[in-house]
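Structure first, commentary second.
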């Protein structure tokens, strides 16, 4: 009975899609100024068409086309974003990678008067 359970567990692991593995995403520039774009790239881990990139720092999620097992896309950060964020990649609804980056707020200062 134990051999049967072990064999079934091994078969389930072998059937797991390759993109279920966790992948570290590259985000640049890091840090980025709020309202500016970042480039997110990485390996597609078995996904052959498109990767969905999501982050609370982005105005909306972005789809990246997969080419030769890799993907890359630009995403604009919200102008109100300021802080540390995570970006995740998914394919077919399954998350397979993540990365983190910092967004520096854009602060306006009044110019000083000449002679002050």
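The values are calculated or read from the model by the stated rules, or taken from the named source; none is laboratory data. Here the structure is a predicted model, which means the values were calculated and not measured. Glycine also receives a Cβ, built like all others from the backbone with ideal geometry; neighbour counts cover every protein chain displayed.
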(request) Identify all residues within the stretch 49-59 that are at pLDDT below 95 and under 19 Å from residue 32 (Cβ atoms); write none if there are none. (result) 59
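Residue 64: touching a residue at least 40 places away in the same chain (Cβ under 8 Å), farther than 14 Å from residue 86 by Cβ and in contact with a strand residue (DSSP E or B) (Cβ under 6 Å, 6 or more places away or on another chain), yes or no? Outline the logic, then answer.
Working: touching a residue at least 40 places away in the same chain (Cβ under 8 Å): no; farther than 14 Å from residue 86 by Cβ: yes; in contact with a strand residue (DSSP E or B) (Cβ under 6 Å, 6 or more places away or on another chain): yes.
No.
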(request) Output the number of residues of the stretch 72-82 satisfying the condition of being exposed (fewer than 14 other Cβ atoms within 10 Å of the Cβ) and at pLDDT 95 or above. (result) 1
(request) Identify, from the list 39, 24, the residue that is at pLDDT 95 or above, within 12 Å of the chain's Cα centre (by Cα) and either on the phi < 0 side of the Ramachandran plot or surrounded by 13 or more Cβ atoms within 10 Å (Cβ to Cβ) (or both). (result) 39
(request) For the stretch 27-36, enumerate the residues that are surrounded by 15 or more Cβ atoms within 10 Å (Cβ to Cβ) and either free of Cβ contacts under 8 Å to residues at least 12 places away in the same chain or within 16 Å of residue 90 (Cα to Cα) (or both). (result) 27
